[in-house]
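Colleague: Quick one: this structure, given as structure tokens, is what I'll be asking you about.
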Amino acid sequence: MSCFFTLSERQVHEIRKRYFAALLRQQMAWYDKNETGALLNKLSAGIERIKDGIGDKVGGLLQASTHFVFGLIIGLYYSWQMTLLLLFIAPLIIFLIFGSVKTLATTTRREMRTYDEAGAVANKVISNIRTVTSFNAQYAEVIRYKDRLKYARKIGMKGVFIIGITMGFYVFVTFSSMAVVFWYGTNLVMEGKITPGTVFTVFWAITIGTIRLGQAIPQVGVFTAAKLAAGEIFQIIDMEPKINCMSSHGLIPSHVEGRIELRDIHFCYPSRPHVKILNGTSFTVNPGSTVALVGQSGAGKSTIIGLLLRFYKQQAGTITLDGIPISDLNIEWLRNKIGLVSQEPVIFATTVEENLKLNNEALTENDMIEACRIANAHDFIMKLPKGYKTLIGVGGVQLSGGQKQRIAIARILIRDPKILLFDEATSALDSESEVAVQLALDRVRAGRTTMTVTHRLSTIRNADQIIVFKNGEIRESGLHDELMALDGIYRQCVQGQETEEDNIEFTDSDESLTSYQDEDNAQYQDEDNAQQPKDEEGGSKRASKRPRRNEYLRKSIVSVKSHPSEMHYENE
């Protein structure tokens, strides 16, 4: 048995490694169609089923089969007549076992699928536990999870019922056949063909072998579950994605200029094949330039970033880097040359240092600090309890949105990519955080080809090219002043945002202005107390200073809020 335990541990260890590696090399389109929770459930529960199926239960089945076979051999040796009578009943037993296995396979497959769904529910809830608890949805989620488990239990009970019926019928057939064999053996003894000792020898040899085989019948469900789990897992292991991110094939150019060109790109997501996302998109990004992609949500802006990183493959058209189709380039090399800063940065539940060293364990402390300084992150990191060694929790919950974004920028800067992709990098930040992050982005993009996707048009006015998308097509393209002169989609969006920002700014400035007015009025009150007016005219003159100064303060605050980056640069 120890050999089977050792074998199962080694096999399970190897299967886990291969399955996890297979998950990591799949393309994004495959993940769009598969539940993450179900995939993780296979990594745990699925592989445990395989372990049960190839562990000690295999040894038990071999022992039972050996007992049965040798029992038949002994029976045939001492009395072939009695043994052959038993073998006439064997097909019935075999039919019973295989019938139950087939039924169990269907039941177990449904049970596994239901448990995968339950695992997906649990994974989503735990991953978004803050949102769940903030809405007091704990009880609702527990009920939803119970419903999945209730259905799985119902299916599991059906499988147990099948095994019970099979076991009961097997025992009935076995002992009925034994009664027939014992009766027939008694007749042979009375006829003088065999001795009573021979009858008992054959009877017990066959009985013990049959009972041992019957004890292995309950393990049929375990073997069935292991077989189905192994089938699903090895199907993923053997799957070869169209875009293999772990492939070593492809060209590796010695130098990168950073010229990107899209030619007649057509694309729709595999999960929504009838929805056209990009329809004949073509444009060029020159080396070292900044191109901004703007437009309504769902127009295809972020999709272009996904295509550049080869998360997906376009249905038609070509994307080239320095004249070479990106499909011909080594995918690992390509992604090393591209840095992506998303709207919601991914921060792992570890230290700041480990987050910065992602796939770069050779990073020196000086290089790490320098990157954080450029990204405006070093100062706030040093204020953390343990500096770069501080644990920042799941998803970086101990950091603000702007702080997480600056750590993500520093992590990108450490890789020194030639191409930068900013996908709504500041859209989820408040004004103060946006200023810090925008300054970091401006520093990082120097000398690099940059593509920015944003809805905040005030941040891309100095872009070398602004491309306006609508319904998957390019409607306008040019510099900010050129697009404003067109009086088209871009101008309408800019004017709409300026109106909204003015309303927000005056509302915010009124709150800030209150403290300034209080201080200002207090100052004038002190002056009034110190210097009593000699006449009404003098008093009116001093009083008239207050509204003029308040108006000046209001304009100053609005001006600062309208041009925060300029004020920052002037201070530097």
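The values are calculated or read from the model by the stated rules, or taken from the named source; none is laboratory data. Just so you know, these numbers come straight off a predicted model, no measurement behind them. Glycine gets a Cβ as well: all are built from the backbone with ideal geometry, and neighbour counts include every protein chain shown.
Colleague: Just give me the residues in the range 269-312 being among the hydroxyl-bearing types (Ser, Thr, Tyr) and either farther than 30 Å from Arg443 by Cβ or surrounded by 15 or more Cβ atoms within 10 Å (Cβ to Cβ) (or both), in sequence order.
Modeller: Within the range 269-312, Tyr269, Ser271, Thr281, Ser282, Ser289, Thr290, Ser302, Thr303, Tyr312 meet the criteria.
Colleague: Right, here's the next one. Looking only at the range 258-268, how many residues end up being surrounded by 14 or more Cβ atoms within 10 Å (Cβ to Cβ) and part of a strand (DSSP E or B)?
Modeller: Going through the range 258-268 one residue at a time, the tally reaches 7.
Colleague: If you take the residues in the range 375-385 that are touching a helix residue (DSSP H, G or I) at 6+ places or on another chain (Cβ under 9 Å) and modelled with pLDDT of 85 or more, which one is farthest from Leu439 (Cα to Cα)?
Modeller: Per the stated criteria, the residue is Leu384.
Colleague: Out of Glu354, Glu370, I need the residue that is under 20 Å from the mean Cα position of the chain (by Cα), without any contact (Cβ under 8 Å) to a residue 40 or more places away in the chain and farther than 30 Å from Glu261 by Cα. Which one?
Modeller: Glu354
Colleague: Also, quick follow-up: From Asn359, Asn376, grab the single residue that is in contact (Cβ under 8 Å) with a residue 60 or more places away in the chain and at positive phi.
Modeller: Asn376
Colleague: Filter the range 173-186 for residues that are loosely packed, with under 12 Cβ neighbours inside 10 Å and under 12 Å from Met82 (Cα atoms); which is nearest to the chain's Cα centre (by Cα)?
Modeller: Ala179
Colleague: Please determine whether any residue of the range 425-436 is in contact with a Cys (Cβ under 8 Å, 6 or more places away or on another chain) and at negative phi.
Modeller: Checked against the condition, which is being in contact with a Cys (Cβ under 8 Å, 6 or more places away or on another chain) and at negative phi, the range 425-436 yields no hits at all.
Colleague: Now, a different point. Please indicate, with yes or no, whether at least one residue in the range 303-315 is in a strand (DSSP E or B) and touching a strand residue (DSSP E or B) at 6+ places or on another chain (Cβ under 9 Å).
Modeller: no
Colleague: Identify, by number, the condition in (1) out of contact with any helix residue (DSSP H, G or I) (no Cβ under 9 Å at 6 or more places or on another chain); (2) in a loop (DSSP other than H, G, I, E, B); (3) modelled with pLDDT of 85 or more; (4) surrounded by fewer than 18 Cβ atoms within 10 Å (Cβ to Cβ) that Gly192 doesn't meet.
Modeller: All conditions pass for Gly192, except number (3).
Colleague: So Ala179 passes all but one of these: (1) in contact with a helix residue (DSSP H, G or I) (Cβ under 6 Å, 6 or more places away or on another chain); (2) more than 29 Å from Trp30 (Cα to Cα). Which condition number does it fail?
Modeller: Of (1) in contact with a helix residue (DSSP H, G or I) (Cβ under 6 Å, 6 or more places away or on another chain); (2) more than 29 Å from Trp30 (Cα to Cα), only one is false for Ala179: (1).
Colleague: Is it true that some residue in the range 130-139 is of a type outside the set (Gly, Ala, Ser), at negative phi and not in a helix (DSSP H, G or I)?
Modeller: There is at least one residue in the range 130-139 that is of a type outside the set (Gly, Ala, Ser), at negative phi and not in a helix (DSSP H, G or I).
Colleague: Criterion first (assigned by TED's automatic domain parsing to the domain that holds Ile467, under 24 Å from Ile304 (Cβ atoms) and of a type in the set (Val, Ile, Thr)) does Ile243 satisfy it?
Modeller: In short, no.
Colleague: Here's another thing I want to ask about it. Condition (residue is touching a helix residue (DSSP H, G or I) at 6+ places or on another chain (Cβ under 8 Å), at pLDDT 80 or above, among the β-branched types (Val, Ile, Thr) and surrounded by 19 or more Cβ atoms within 10 Å (Cβ to Cβ)) applied to the range 204-212: is it met by at least one residue?
Modeller: Within the range 204-212, not a single residue is touching a helix residue (DSSP H, G or I) at 6+ places or on another chain (Cβ under 8 Å), at pLDDT 80 or above, among the β-branched types (Val, Ile, Thr) and surrounded by 19 or more Cβ atoms within 10 Å (Cβ to Cβ).
Colleague: Residues to consider are Gln403, Gln438; find the one that is more than 23 Å from Ser302 (Cβ to Cβ) and either under 26 Å from the mean Cα position of the chain (by Cα) or not in a loop (DSSP other than H, G, I, E, B) (or both).
Modeller: Answer to the check: Gln403.
Colleague: Restricting to the range 275-295, name every residue that is hydroxyl-bearing (Ser, Thr, Tyr) and in contact with a Lys or Arg (Cβ under 8 Å, 6 or more places away or on another chain).
Modeller: Selection gives Ser282, Thr284, Thr290.
Colleague: Given (1) assigned to a loop (DSSP other than H, G, I, E, B); (2) in contact with a Leu (Cβ under 9 Å, 6 or more places away or on another chain), identify the lone condition not met by Thr452.
Modeller: Status for Thr452: all satisfied but (1).
Colleague: Pull up the range 124-148, narrow it to residues that are among the hydrophobic types (A, V, I, L, M, F, W, C) and buried (at least 16 other Cβ atoms within 10 Å of the Cβ), then point me to the one that is farthest from Gln398 (Cα to Cα).
Modeller: Across the range 124-148, the extreme among qualifying residues is Val125.
Colleague: Among (1) part of a loop (DSSP other than H, G, I, E, B); (2) on the phi > 0 side of the Ramachandran plot, which single condition is Ala299 missing?
Modeller: So the condition that Ala299 fails would be (2).
Colleague: Run down Ser248, Ser254, Ser271 and say which single residue is at pLDDT below 90, in contact with a helix residue (DSSP H, G or I) (Cβ under 6 Å, 6 or more places away or on another chain) and not hydrophobic (A, V, I, L, M, F, W, C).
Modeller: Ser271
Colleague: Within the range 52-96, how many residues are touching a residue at least 12 places away in the same chain (Cβ under 8 Å), of a type in the set (A, V, I, L, M, F, W, C) and within 14 Å of Arg212 (Cβ to Cβ)?
Modeller: Number satisfying all stated conditions: 8.
Colleague: Can I ask one more? Based on this model, can you work out whether Leu149 counts as farther than 28 Å from Ser79 by Cα, of a type outside the set (Lys, Arg), in the same structural domain as Pro91 (by TED's automatic domain parsing) and assigned to a helix (DSSP H, G or I)?
Modeller: Yes, satisfied.
Colleague: Is there any pair linking a residue in the range 408-421 that is farther than 20 Å from Leu321 by Cα to one that is among the hydroxyl-bearing types (Ser, Thr, Tyr), with Cβ under 9 Å and at least six apart or on different chains, and which?
Modeller: Ala408/Ser342
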